[in-house]
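Single-structure report; data block below.
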Amino acid sequence: MSLTSAATLATLDRTGPRRITDLAAVEGVTQPAMTALVRVMEESGLVERRGDASDKRVTLVCLTEAGASYVRTRRQAGVHAFERLIGELTGDEVEALVAALPALKHLAELESQDREGLKK
């Protein structure tokens, strides 16, 4: 699976159903490229398109249970990889990571705000 596909699934998991144009902006690809990507993920059973109850002209891309399961499995694999790698660090290195957590959390918040700004 491409990084853009995985990122799109993670975005849908985090934010809920989205328009293709919104997904394209958030993921930094063109609308035609996102349309093609959604088609492939739809054929794979990872996403589905649904009408928007508030605007019948709009189609939203939604995660299927298979898509949500893929995101969970991928995240868990990342957690296990970091656990293993952190286990190989020295005590001082682990302390340095713990001390850096507030700054890393702030970076994640800034990145989230940037993504939200792109969708507006």
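Name the residue that is most open to solvent (accessible area, probe 1.4 Å), counting only residues in the stretch 1-57 that are in a helix (DSSP H, G or I) and touching a Ser or Thr at 6+ places or on another chain (Cβ under 7 Å). Going through the qualifying residues, I end up with Q31.
Select from the stretch 70-110 the residues that are outside any helix (DSSP H, G or I) and loosely packed, with under 10 Cβ neighbours inside 10 Å and list them in ascending order. If the condition is that a residue be outside any helix (DSSP H, G or I) and loosely packed, with under 10 Cβ neighbours inside 10 Å, then G87, E88, T90 are the ones that fit. Looking at the stretch 58-69, which of its residues are of a type in the set (V, I, T) and open to solvent by 60 Å² or more (accessible area, probe 1.4 Å)? Selection gives T59 alone.
The values are calculated or read from the model by the stated rules, or taken from the named source; none is laboratory data. A quick note: this is a predicted structure, and the numbers were derived from the prediction, not measured. Every residue, glycine as well, gets a Cβ built from its backbone with ideal geometry; the counts of neighbours run over all protein chains shown. Calculation scope for accessible area: heavy atoms of the full protein, side chains included, ligands and nucleic acids excluded. Shrake-Rupley method; radii C 1.70, N 1.55, O 1.52, S 1.80 Å.
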